[in-house]
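A short worksheet on the structure shown next.
The values are calculated or read from the model by the stated rules, or taken from the named source; none is laboratory data. Since we're looking at a predicted model, the values are computed, not measured. Backbone-built Cβ (ideal geometry, glycine too); neighbour counts: all protein chains shown. Heads up: the accessible areas ignore ligands, DNA and RNA and are worked out on the full protein's heavy atoms, side chains in. Shrake-Rupley method; radii C 1.70, N 1.55, O 1.52, S 1.80 Å.
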Amino acid sequence: MKKAAFALLTLLTLSACSTSVPIRNFDANPVPQMASGKHDLESIKTNILKACMKLGWTCRSNAEGQILGKLDIRKHQLRVDITFNEQEYSIDYKDSINLDYNGKKIHRQYINWVTNLMRNIDAELAYK
């Protein structure tokens, strides 16, 4: 009985230490509206680029309404596509290095890094 309980506890502990989570994209996030009016595409692009820079992301505009974002942390690299219009923006996984992506799961920090980027984008857009 004690061995079974110990085995169950060990199994639960190890499963809680998982380093991967299901991959997901962050689509259709509303662009926060300013009190003084609406954002245009250029102001949205500028504020997204500012949010990226503040967090150490390297971002560049690919085309109108598109930004490629890259985050390098130690030996890890994450690249995302950020697409936007006047109403919403999306952050979609593009590729990565050393984040254990297997087509379905990725390192758990992926969610944290992208969520943090979204918070900063929202903050930049809300106060301009």
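Points to keep in mind about this one:
- Looking only at residues of the stretch 31-44 that are among the small types (Gly, Ala, Ser) and not in a loop (DSSP other than H, G, I, E, B), we find that the one that is nearest to Asn116 (Cα to Cα) is Ser43.
- Scan of the stretch 45-64 for residues that are aliphatic (A, V, I, L, M) and at pLDDT below 95, ordered by number: Ala63
- The residues of the stretch 117-128 that are open to solvent by 60 Å² or more (accessible area, probe 1.4 Å) and modelled with pLDDT of 95 or more amount to a single one, Arg119.
- Scanning the stretch 65-104 for residues that are touching a residue at least 40 places away in the same chain (Cβ under 8 Å), assigned to a loop (DSSP other than H, G, I, E, B) and closer than 22 Å to Lys50 by Cβ gives Asn85, Glu86, Gln87.
- Filtered residue count, the stretch 45-64, keeping only those that are in contact with a Cys (Cβ under 9 Å, 6 or more places away or on another chain) and either open to solvent by 50 Å² or more (accessible area, probe 1.4 Å) or in a strand (DSSP E or B) (or both): 3
- Residue that is at pLDDT 95 or above, over 24 Å from Ala123 (Cα atoms) and of a type in the set (Val, Ile, Thr), where the choices are Ile67, Ile23: Ile23
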